[in-house]
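Below is one structure, written out as structure tokens, with a few remarks after it.
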Amino acid sequence: MTKDRIDRRFAALKAENRAGFVTYIMAGDPDAATTLSVLKGLPGAGADLIELGFPFSDPMAEGPTIQRAAQRGLKSGMTLQGTLDLVAAFREGDSDTPVILMGYLNPVLNRGFESFAVAAAKAGVDGLIIVDCPPEEADPLSDALEAEGIALIRLAAPTTDDARLPMVVRRTSGFVYYVSVAGVTGVKSADAADVAPAVERLRKASGLPVAVGFGIRTPDQAAAVARVADAAVVGSALVDEIESAAQLNENVTEKVLLKASELAKAVRSARVGHEVRL
């Protein structure tokens, strides 16, 4: 079952007493070949898990950086099937790094849940984050994904109260993604002091690791979150590197992997010399 890769990775991270570094990039930004080149390089740059966005015309949870990335991806001709093809190509050389697709419900619904789940499992997808699918409506999607061993990973936010939390974590697997700020991606900054109690609350409610994202751009921010969470997710900071390198006709892969490496080093060393209670 493909989601076992996620479970094995978090078990290994716990054994090493360190948080995971999760990277996000958008499929097809600026083109499919560059995306594949970056994907292949991310594990060597320190990525423990990879989130790969599939572009959608109305990415309601995204700030300007990832909105533009989605537009570039669509302009380059990237589709949901094209995203799966990228994962399959990545899997030819990497059978260990978990890959989570992240996006919006419409393209998956249009494909059909069962058809998508079968194709995603065949490509080597381990998990799926669907930003705009509320848990009350998710059972048909959950059924299709569970049949193929793919984790449906839920988002929880600062506004998720005690009454709603059990519904949010129901049928969640792999890990819980904590949105550390009330807002869109890449705009506000995460505060580790606020994140710590939220992470503990989500761990208790779900029994799963908790990854924190939506507000981490710098090595210092990544390290602070890595001391209190099971993983730190960085997206907009990497996508910014892709955008600027493409505009300047620089080597996109080289620039984004350098940035990823800087962030990974911060995450991997975050607990050294710090007392961490998990």
**Message:** If I filter the stretch 72-95 for residues that are among the aromatic types (Phe, Trp, Tyr) and within 15 Å of the chain's Cα centre (by Cα), do I get at least one hit?
**Reply:** no
**Prompt:** Among the residues of the stretch 1-54, which ones are at pLDDT below 95 and either among the hydroxyl-bearing types (Ser, Thr, Tyr) or not in a loop (DSSP other than H, G, I, E, B) (or both)?
**Reply:** Thr2, Asp4
**Prompt:** Given the residues Asp220, Asp240, which is the only one that is open to solvent by 50 Å² or more (accessible area, probe 1.4 Å) and in a helix (DSSP H, G or I)?
**Reply:** Asp220
**Fill in**
When restricted to Ala138, Ala156, Ala163, Ala61, the only residue out of contact with any helix residue (DSSP H, G or I) (no Cβ under 8 Å at 6 or more places or on another chain), at pLDDT below 95 and either open to solvent by less than 10 Å² (accessible area, probe 1.4 Å) or within 20 Å of Val233 (Cβ to Cβ) (or both) is Ala61
**Complete:** Restricting the stretch 103-133 to residues that are farther than 23 Å from Ala12 by Cα and out of contact with any helix residue (DSSP H, G or I) (no Cβ under 9 Å at 6 or more places or on another chain), the one surrounded by the most Cβ atoms within 10 Å (Cβ to Cβ) turns out to be Tyr104
**Message:** Based on this model, can you work out whether Ile100 counts as part of a strand (DSSP E or B), in contact (Cβ under 8 Å) with a residue 24 or more places away in the chain, farther than 14 Å from Arg5 by Cβ and open to solvent by less than 20 Å² (accessible area, probe 1.4 Å)?
**Reply:** no
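The values are calculated or read from the model by the stated rules, or taken from the named source; none is laboratory data. Fair warning: this is a prediction, and the values are worked out from it, not measured in the lab. For neighbour counting, all protein chains shown are included, and Cβ atoms are generated from backbone atoms with ideal geometry for every residue, glycine included. Side chains are part of the model used for accessible areas, which takes the heavy atoms of the whole protein and leaves out ligands, DNA and RNA. Shrake-Rupley method; radii C 1.70, N 1.55, O 1.52, S 1.80 Å.
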